[in-house]
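A short write-up of the structure that comes next.
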Amino acid sequence: MKEKYMVLPSSRFDDIRLVKVPKDLDTNEAYRFATGIIAQAEETNSDYRWEDIAEALEARGFEPVEAMIGPALD
């Protein structure tokens, strides 16, 4: 089975993240879980950081992936 990855977008290019999707989730489930986890972090802690979201995603089987994204084309 091919590995699946998900880009977590941001309005700031340096905050865009890449995660590997757990093998037991299809695309729609992965999207629902990721958006739910992010929404919960935003609702429970107004000072949330990427580390808070990454920890919650990892608990569900997502794996943050180091990726280099090019500079903004402004």
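Taking amide H atoms as placed 1.01 Å from N in the peptide plane, list the residues 5 or more away in sequence, or in a different chain, whose amide H sits under 5 Å from that of L8.
Those qualifying (amide H under 5 Å, at least 5 residues apart or on another chain) are R17, L18, V19.
Quick one: the Cα spread of the chain along its three principal axes, in angstroms, biggest first?
Taking max minus min along each principal axis of the Cα atoms, the chain gives 38, 32, 18 Å.
What is the percent carbon and sulfur in the accessible area of the chain, measuring with a 1.4 Å probe over the protein chains and ignoring ligands?
50 percent
Give me the 1.4 Å probe accessible area per residue for the chain, excluding ligands and nucleic acids, in Å².
Values: 5780 Å² over 74 residues.
For the chain, the per-residue accessible area is 78 Å².
In whole percent, what relative contact order does the chain give with Cα contacts below 8 Å and a gap of six or more residues? Before the final figure, lay out each step's value.
On the way: 67 pairs, mean separation 25.5, N = 74.
Computed over the chain, the figure is 34 percent.
What size of dipole, in debye to the nearest 20, comes out for the chain about its Cα centre when the only charges are +1 on Lys and Arg C-beta atoms and -1 on Asp and Glu C-beta atoms? All intermediate terms of the calculation are to be shown ahead of the outcome.
On the way: 9 positive and 16 negative charges, 70 e Å.
My answer is approximately 340 debye.
The values are calculated or read from the model by the stated rules, or taken from the named source; none is laboratory data. All figures in this text were calculated on a predicted structure; none of them were measured in a lab. Quick reminder, even Gly has a Cβ in these numbers, built from the backbone with ideal geometry, and neighbours come from all protein chains shown. For accessibility, only protein heavy atoms count, side chains too; no ligands or nucleic acids. Shrake-Rupley method; radii C 1.70, N 1.55, O 1.52, S 1.80 Å.
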